[in-house]
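Right, one structure below, let's go through it.
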Amino acid sequence: MASRYWVISLTVQGSASSLWNRLQEQISKHSFDTPLYRFNIPNIRVGTLDSLLSLSDDLLKSNSFVEGVSHKIRRQIEELERVSGVESSSLTVDGVPVDSYLTRFVWDEAKYPTMSPLREIVDGIHSQVAKIEDDLKVRIAEYNNVRSQLNAINRKQAGSLAVRDLSNLVKPEDIITSEHLVTLLAVVPKYSQKDWLSSYETLTSYVVPRSTKMLYEDNEYALYTVTLFNRVADNFRTSAREKGFQIRDFEYSSEAQETRKQELEKLMHDQESLRSSLLQWCYTSYGEVFSSWMHFCAVRVFAESVLRYGLPPSFLSCVLAPSVKREKKVRSILEGLCDNANRQVVELLSVTFWKTDDEAGGGIVGLTGEADAHPYVSFTINLV
């Protein structure tokens with residue numbers, strides 16, 4: 001599948017079928033590996049020249065917006081598939097691959113009546129895509145919120161003993177809590193373990209001898225228990241801190257443990273559910289946005305062709321996918337099919353509408369937004 005296509009239109013002097021045959025013949029003879037397709041545009045309501053000129057000012061900006069939303073949804077699909085471990089599937093529009101939808105484009109009369117003013121069609125496409133983009137933002141925010149909560153929990157469980165959640169490291173039998181006794185949890189630097197074992201009983205009075213036990217260790221710290229009288233707990237915390245030992249506040253509760261476990265399971269379920277739902281929504285919405293984009297491209301070809309070639313509308317629109325090495329040859333073929341009058345129009349446009357290199361900051365920008373002027377309508381569609 002090609003990822004880059006040209007949409008072009010050529011003015012028709014005789015018959016469209018004759019021009020199409022000539023184009024096919026030239027492409028087949030000089031650039032046989034360039035796919036070529038008709039881009040069928042219906043008879044759209046032209047309106048006044050003033051309305052068409054006014055519309056042309058917004059076409060490029062609106063096209064960038066619709067194209068941008070299409071790519072944004074596609075990137076979101078790729079990210080969700082990567083995270084989910086889902087094998088990338090071929091994106092479709094109305095059940096057909098996106099490249100086939102483009103190269104076999106058929107105008108949806110039910111959705112976009114051709115008797116509607118062009119401005120109404122363009123505004124309708126823009127509004128529909130804007131609504132989808134807003135919906136995408138809401139859904140992504142909801143998914144990312146759950147994912148952030150899970151990441152925060154995972155960080156607590158994966159961090160060092162100085163900061164991580166200790167609830168999954170401590171068992172009920174490790175803790176003694178009575179009217180007079182309490183068990184504290186000490187986070188000891190690994191290089192200070194010998195110092196801890198030799199000094200913890202003397203950090204304050206009323207420490208239960210030989211009560212310390214190591215529960216866990218990571219790359220930096222070891223987690224120890226120590227049992228002492230409740231009334232000297234504050235003194236022990238102060239003395240331990242002075243020695244470089246951190247006493248972590250911890251209160252074992254089987255109910256709290258179960259609650260945290262249930263919350264974690266719910267978040268994991270919610271994340272998977274939201275991810276699956278978002279992915280399915282993106283598949284559907286990508287098709288809708290891509291379809292809207294292709295209809296917009298059809299309007300753009302029509303409007304720019306009328307402005308360039310005049311009334312009544314008489315032009316041949318096509319889609320091509322030349323390779324990079326064939327681009328110059330295909331451009332030459334297309335220009336060879338334009339009459340001299342068209343070339344003179346382009347020369348005039350180059351002086352009147354197209355900026356010079358200096359004025360454009362090093363690039364020539366035309367009415368169609370292309371990098372250079374051609375004696376025919378041309379713009380590029382990037383599928384990815």
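Looking at the range 138-176, which of the residues that are of a type in the set (Val, Ile, Thr) and assigned to a helix (DSSP H, G or I) is modelled with the lowest pLDDT?
Once the filter is applied, the top-ranked residue is Ile153.
Go through the range 1-49 and give me each residue that's among the aromatic types (Phe, Trp, Tyr) and part of a loop (DSSP other than H, G, I, E, B).
Of everything in the range 1-49, those that are among the aromatic types (Phe, Trp, Tyr) and part of a loop (DSSP other than H, G, I, E, B) turn out to be Phe32, Phe39.
For the range 105-144, enumerate the residues that are within 15 Å of the chain's Cα centre (by Cα) and of a type in the set (Lys, Arg).
Lys137, Arg139
Pick from Trp293, Trp281: which is in contact with a Ser or Thr (Cβ under 6 Å, 6 or more places away or on another chain), hydrophobic (A, V, I, L, M, F, W, C) and under 30 Å from Phe105 (Cα atoms)?
Result: Trp293 is the single residue among Trp293, Trp281 that is in contact with a Ser or Thr (Cβ under 6 Å, 6 or more places away or on another chain), hydrophobic (A, V, I, L, M, F, W, C) and under 30 Å from Phe105 (Cα atoms).
Name the residue that is farthest from Val182 (Cα to Cα), counting only residues in the range 227-254 that are among the hydrophobic types (A, V, I, L, M, F, W, C) and assigned to a loop (DSSP other than H, G, I, E, B).
Looking at residues that are among the hydrophobic types (A, V, I, L, M, F, W, C) and assigned to a loop (DSSP other than H, G, I, E, B), I get Phe245.
Identify all residues within the range 284-331 that are aliphatic (A, V, I, L, M) and free of Cβ contacts under 8 Å to residues at least 40 places away in the same chain; write none if there are none.
Result: Val324, single match.
Go through Ser285, Ser317 for me and flag whichever is more than 30 Å from Arg22 (Cα to Cα) and modelled with pLDDT of 95 or more.
Ser285
Restrict the check to the range 255-274 and report whether at least one residue is in a helix (DSSP H, G or I), among the basic types (Lys, Arg), modelled with pLDDT of 90 or more and under 30 Å from Asn154 (Cβ atoms).
Yes.
State which residue pairs qualify: first residue without any contact (Cβ under 8 Å) to a residue 24 or more places away in the chain and inside the range 232-261, second residue among the hydrophobic types (A, V, I, L, M, F, W, C) in any location, beta carbons under 8 Å apart, and separation of 6 or more residues or different chains.
As it stands, the answer is Arg241/Ile247, since those pairs meet every condition given.
Could you check Glu179 against (1) within 23 Å of Arg241 (Cβ to Cβ); (2) assigned by TED's automatic domain parsing to the domain that holds Gln246; (3) not in a helix (DSSP H, G or I) and say which number it fails?
Status for Glu179: all satisfied but (1).
Output the number of the condition that Gly68 fails; it satisfies all remaining conditions of (1) modelled with pLDDT of 95 or more; (2) within 31 Å of the chain's Cα centre (by Cα); (3) part of a helix (DSSP H, G or I); (4) buried (at least 18 other Cβ atoms within 10 Å of the Cβ).
Failed condition: (4).
The values are calculated or read from the model by the stated rules, or taken from the named source; none is laboratory data. It should be emphasised that the depicted structure is a prediction, and the values quoted were computed from it without experimental measurement. So basically every Cβ, Gly included, is an ideal-geometry build from the backbone, and we count neighbours across all protein chains shown.
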